[in-house]
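Q: The structure under discussion is supplied below as structure tokens; questions concerning it will follow.
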Amino acid sequence: MLRYCLLVATLLFFASCGGGDESQARTSDIASVGGRAGPTAFIHFVDLRGQSLRNVTAVRYSIEPKPGAVSRSVGITYSKSALSGRGYVAPDGDAATIPVFGLYAGHLNRVSLNFAFEDGSSQTLIADLVTPAYSDPSGVYGSPTFVKRRAAGSALGFDYFAIKSGLGSPVVVDTDGEVRWIAQGISSGVSAALDGNAFVIGSQTSRNFQRLEFDGSISQGTLAQTNYTNFHHNIDRGKRGLLAEPDALSNGVRNIEAIVAEFDAAGNILKEWDFSLLIERHMRNQGDSPELFVRPGIDWFHVNASTYDPRDDTIIASSRENFVIKVDYETGGIVWIFGDPSKYWYTFPSLRAKALTLEPGGLYPIGQHATSITSDGLLMLFNNGLQSLNQPVGAPAGGSRTYSTASAYAIDPTSRTAREAWRFDYGAAIRSDICSSVYEAGGQSLLISFATANQRTRARLVGLNAAREVVFDFEYPTTVCGTSWNALPVDFHDMQFR
């Protein structure tokens, strides 16, 4: 796709500070010996030489925003050990490579590199990096349609976010709508999570996963559980690892979208919650007939997100077909169930006994996605508003709404009540019936992905400030969920590699 990127200005001494005339910054001999293109226009490798590199403890680079841009500058810090661990420092310490990502495509990027030395002094060098234009093979992300552009001076707790794309790798976009990062070698970025400073991406067709670094490098892994067949929907942060939602084969029957599994970097399974077994056990113990509700081989549960809640050591899972359910981390025992009481699940006394009652004026979760716990302890989710699709013939599928919301709830497990603390419904003007997400960023700002707006033809990305006022709103064409299955904030402004 892109084979070159030019370093058009030799790295120049710009400034140094700290210490006297003999400070390590003032006597530095660090100089550029060239640069190399990365796998896409948004990544470049700057090569340096100099014995003074031995005394460097960290390197921070920043990329000057385009004229008129509102998003804050990219700012990435590498510790010396982080560069060494990634093979970017020569064994003798006299040469190093700085992976620079977050560049504008088709632009002369002014990049400042600041070197911190052991004696506390620092040195700044300037590089001008010309990048080729990016030719988007999907024809989607390069030309957003703006409903509202972010205004200069507008307060927002994030400047960059990653779109989980079914068309290739996750795509990092700034709040001005500029693509700032994309990678090669990934067929689908739907089942993806940001783990540290890299994406972990699960295969939609196997139990393999990939770790995609921001320098474009990729490593491979495999889930150790051999009866798992593939990843689907989210990967989320767990207690000790990452929470995945794999399908599985059990006794020759496909267990469809009813498992949450916690796995580590090596693919080892740390914990599993098979909701077919957990709900069956609960219903049977309470005198119900679980085979009427739990139906292996059918997409009866449809888990699409999971959240670890450290406050009470539990797992919250979103069952699109039924409800949001909280279970004990260790035992899998049901703590509460929260969902539309006009659905089929509520007809079973054993499940109804665990149900939360919503205070008047609130909206129950219906067809929800993207559960999370906010900084002030609320359960937040994207409230799609689409009734169940896979209930038994004649069973109640619950209600539907003509619009979607971001909803947050205060839950009292003792009284088994829930209160909708707030909702953002955008004037009840947008229906995104499947997929989609809402996630919190700094200062209680929110990023919303209306993944299937306008009858599943438009993916709409909306940023809200702490007062839940719209700061930006732009959209892309989509086919169902392909463009933006969901999206999450990424801190390209102050990312630390330790």
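Q: So how compact is the stretch 51-111: Cα radius of gyration and Dmax in angstrom?
A: 13.9, 43
Q: State whether the stretch 115-211 is rounded, prolate or oblate according to the following rule on the C-alpha gyration tensor (a ≥ b ≥ c being the square roots of its eigenvalues): a/c under 1.5 gives rounded; otherwise a/b larger than b/c gives prolate, and the remaining case gives oblate.
A: oblate
Q: Also: List the equivalent ellipsoid semi-axes of the stretch 181-259 in whole Å, largest first, each obtained as the square root of 5λ for an eigenvalue λ of the Cα gyration tensor.
A: Each semi-axis is √(5λ); the values are 23, 13, 10 Å.
Q: Tell me the carbon and sulfur percent of the accessible area for the chain, rounded to whole percent, probe radius 1.4 Å. Walk me through the numbers on the way to the answer.
A: Working: 9360 of 18860 Å².
Ligands and nucleic acids excluded, carbon and sulfur reach 50 percent.
Q: While we're looking at this one, here's another question. When only DSSP loop residues count, what trypsin sites (Lys or Arg not before Pro) in the stretch 219-279 have their Cβ near at most 12 other Cβ atoms within 10 Å?
A: Answer by residue number: 240.
Q: Apply 1/(1 + (r/R0)^6) to the Cβ-Cβ distance of residue 33 and residue 205, taking R0 = 41 Å, and write down the FRET efficiency to the nearest 0.05.
A: 0.45
Q: What value, in deg cm²/dmol to 500, does the helix sum -39500 (n - 2.57) over DSSP H runs of n ≥ 4 give at 222 nm once divided by the residues of the chain?
A: Details: 4 runs with 25 residues, N = 498.
Result for the chain: -1000 deg cm²/dmol, rounded to the nearest 500.
Q: Kindly state, to the nearest 0.05, the FRET efficiency for residue 51 paired with residue 335, given R0 = 56 Å and r defined as their beta-carbon distance.
A: 0.40
Q: Still on this structure, I have one more. So with the 1.4 Å probe, I'd like the accessible area per residue for the stretch 60-101, rounded to whole Å².
A: 39
Q: Classify the stretch 349-473 as rounded, prolate or oblate from the Cα gyration tensor: take a ≥ b ≥ c as the square roots of its eigenvalues, call it rounded if a/c is under 1.5, otherwise prolate when a/b beats b/c and oblate if not.
A: Oblate, because a/c is 1.5 or more while a/b does not exceed b/c.
Q: Please work out the Kirkwood hydrodynamic radius for the stretch 233-312, using every pair of different C-alpha atoms, and report it in angstroms with one decimal place.
A: By the Kirkwood definition, the hydrodynamic radius is 13.5 Å.
Q: Using amide H atoms built 1.01 Å from N in the peptide plane, name the residues 5+ places from residue 56, or on other chains, whose amide H lies under 5 Å from its own.
A: Correct list: empty.
Q: To continue, here is another question. Under a point-charge model restricted to the Cβ atoms of Lys and Arg (+1) and Asp and Glu (-1), what is the dipole moment magnitude of the chain relative to its Cα centre, in debye to the nearest 20? Write out the running numbers ahead of the final one.
A: Values: 42 positive and 49 negative charges, 164 e Å.
So the magnitude is around 780 debye.
Q: Just to confirm my numbers, what's the Cα centroid distance between the stretch 332-372 and the stretch 149-221 in Å?
A: 32
Q: By what distance, in whole Å, do the Cα atoms of the stretch 222-376 stretch along each of the three principal axes, largest value first?
A: 46, 41, 25
Q: Where the eigenvalues come from the Cα gyration tensor of the stretch 57-196, what are the semi-axes √(5λ) of the equivalent ellipsoid, largest first, in whole Å?
A: The answer is 29, 20, 14 Å, longest axis first.
Q: Once you charge only the Cβ atoms, +1 for Lys and Arg and -1 for Asp and Glu, what is the size of the charge dipole of the stretch 40-122 about its Cα centre, to the nearest 20 debye?
A: I would put it at about 280 debye.
Q: Calculated FRET efficiency, residue 272 and residue 400, Cβ-Cβ r, R0 41 Å, to nearest 0.05?
A: Taking R0 as 41 Å, the efficiency between residue 272 and residue 400 is 0.80.
Q: Still on this structure, I have one more. Rounded to two decimal places and with Rh computed the Kirkwood way over Cα pairs, what is Rg over Rh for the stretch 324-370?
A: That ratio is 0.98, to two decimals.
Q: Restricting things to alpha carbons, find the Rg to Rh ratio for the chain using the Kirkwood radius for Rh.
A: 1.02
Q: If contacts are Cα pairs under 8 angstrom and at least 6 residues apart, what is the relative contact order of the chain in percent? Don't skip to the answer; put the middle values down first.
A: Numbers: 1364 pairs, mean separation 64.2, N = 498.
That works out to 13 percent.
Q: Can you give the accessible area per residue of the stretch 352-403, in Å², using a 1.4 Å probe?
A: 39
Q: Positive end of the dipole of the chain, charges at C-beta (+1 Lys, Arg; -1 Asp, Glu), about the Cα centre: which of 116, 34, 375 has its Cα farthest in that direction?
A: Checked the options; the winner is 375.
Q: Calculate, for the stretch 405-471, the solvent-accessible area per residue in square angstrom, rolling a 1.4 angstrom probe over the heavy atoms of the protein chains.
A: Each residue of the stretch 405-471 exposes 37 Å² on average to a 1.4 Å probe.
The values are calculated or read from the model by the stated rules, or taken from the named source; none is laboratory data. Please read these numbers as outputs of a predicted model, since none were measured by experiment. Cβ atoms come from the backbone with ideal geometry, glycine included; neighbour counts cover every protein chain shown. Note: areas computed on protein heavy atoms with side chains; ligands, DNA, RNA excluded. Shrake-Rupley method; radii C 1.70, N 1.55, O 1.52, S 1.80 Å.
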